[in-house]
Amino acid sequence: MSQYQLRVYTLCSPEAIIAYENIWSKHIPGLAKHRITTHGVWTVPAAPGSGAPRLYALVSYRDADDMQERLQAYLAGPEFRADMEGFDLSQIVDVAESVLTPTADSPLR
């Protein structure tokens with residue numbers, strides 16, 4: 001069974017979410033090289049008058065892999081640096097990670 005993780009990125013502006021959405025499309029092949037599979041990427045615009053835009057990414061890791069070890073290997077690699085070139089990291093206000101355990105009847109089990 002794979003290990004799933006929901007990653008939620010909160011961005012500072014509508015422009016930042018558009019830029020980060022484009023970066024995530026570049027992340028997918030690089031993550032795959034590090035045995036991290038991307039199942040989907042979604043954006044949620046900021047609510048009028050409050051809130052901030054968010055990008056959600058559902059990824060999985062092989063069962064025997066250490067999630068943090070795989071992620072750190074990707075973040076330290078040349079693919080990540082190339083993907084992030086020209087993007088101001090201060091536009092990411094928050095990153096939240098949740099490990100998800102599929103239910104017995106989940107199609108992603």
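Data for the structure
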read-out: Residue count, the range 56-91 (criterion: in contact with a Lys or Arg (Cβ under 9 Å, 6 or more places away or on another chain), farther than 21 Å from Asn22 by Cβ and hydroxyl-bearing (Ser, Thr, Tyr)); value: 1
read-out: In the range 69-78, the residues that are touching a residue at least 24 places away in the same chain (Cβ under 8 Å) and either surrounded by fewer than 17 Cβ atoms within 10 Å (Cβ to Cβ) or in contact with a Leu (Cβ under 8 Å, 6 or more places away or on another chain) (or both); value: Ala73, Tyr74, Gly77
read-out: Qualifying residues in the range 45-68 (those that are at pLDDT below 90 and acidic (Asp, Glu)) - the one surrounded by the fewest Cβ atoms within 10 Å (Cβ to Cβ); value: Asp63
read-out: Residue list for the range 2-39, filter: without any contact (Cβ under 8 Å) to a residue 24 or more places away in the chain and either within 24 Å of Arg62 (Cβ to Cβ) or outside any helix (DSSP H, G or I) (or both); value: Ser25, Ile28, Ala32, Thr38
read-out: Hits in the range 89-109 - residues which are assigned to a loop (DSSP other than H, G, I, E, B) and either in contact (Cβ under 8 Å) with a residue 24 or more places away in the chain or basic (Lys, Arg) (or both); value: Thr101, Pro102, Leu108, Arg109
read-out: Candidate set from the range 79-96 (those that are surrounded by 15 or more Cβ atoms within 10 Å (Cβ to Cβ) and among the acidic types (Asp, Glu)); member that is farthest from Leu31 (Cα to Cα); value: Asp83
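The values are calculated or read from the model by the stated rules, or taken from the named source; none is laboratory data. None of these values were measured; they are calculated from a predicted model. FYI the Cβ positions are ideal-geometry reconstructions off the backbone, even for glycines, and counts take in every protein chain you see.
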